Every structure is written in C-alpha cells, then in structure tokens.
C-alpha cells in the first residue's frame, strides 16, 4: 500500500491559485467525492487536494479580512469591544 504525500509541485500549484480558482476547484473536488465513483485511493487523493484548496481559500479570506481591517483602521479581530461593533454591522 502506498501513501502518496502531496508533492512540492502540487503544493506550489495550489499556493499559486487565485481565490476564485481554488474555490472552483474545491467545488469540483467535493462534487467528485459526493458522486462516490472514485476508488478509495482516488478518494483519499481528492480529499487531500480538497484540504489544500480549502486552506488556500481560507488564506485568501484571512488576507482580505486583514486588508479590510487595516483600511478601516479597526483593531484586529479578537481584541474586544471592536468585535461587537463589527458583528453588529453584519
């Protein structure tokens, strides 16, 4: 039984994706997994790819949040009173 670890080229390919590209690929991976037609090994590879894509999407979202907070001059999330104001505006 072989355990295929992600190759650096695969990791680099994911880190080079835009948010939209990563999201679209993640949607495709989830659809393929939900279809259930893949073998166990293929499913594991898809799962690993999906995890990497989800992490990439989260990186983009975290970066966007930081940029918005910097632009608004707000304190970082988790600092206290400003969080209540931010939640109220949502």
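Taking helices (runs of 4 or more DSSP H) as the structural unit, those lying wholly within the chain and holding at least 3 residues that are at pLDDT 75 or above correspond to 8-15, 19-35, 40-72.
Scanning region 14-24 for residues that are in contact (Cβ under 8 Å) with a residue 24 or more places away in the chain and either exposed (fewer than 13 other Cβ atoms within 10 Å of the Cβ) or farther than 16 Å from residue 55 by Cβ (or both) yields 15, 18. Scanning region 25-49 for residues that are exposed (fewer than 13 other Cβ atoms within 10 Å of the Cβ) and either over 18 Å from the mean Cα position of the chain (by Cα) or farther than 21 Å from residue 15 by Cβ (or both) returns 31, 34, 35, 36, 37, 39, 40, 41, 42.
The values are calculated or read from the model by the stated rules, or taken from the named source; none is laboratory data. Keep in mind that this is a model prediction, so the values were computed, not measured. Cβ atoms come from the backbone with ideal geometry, glycine included; neighbour counts cover every protein chain shown.
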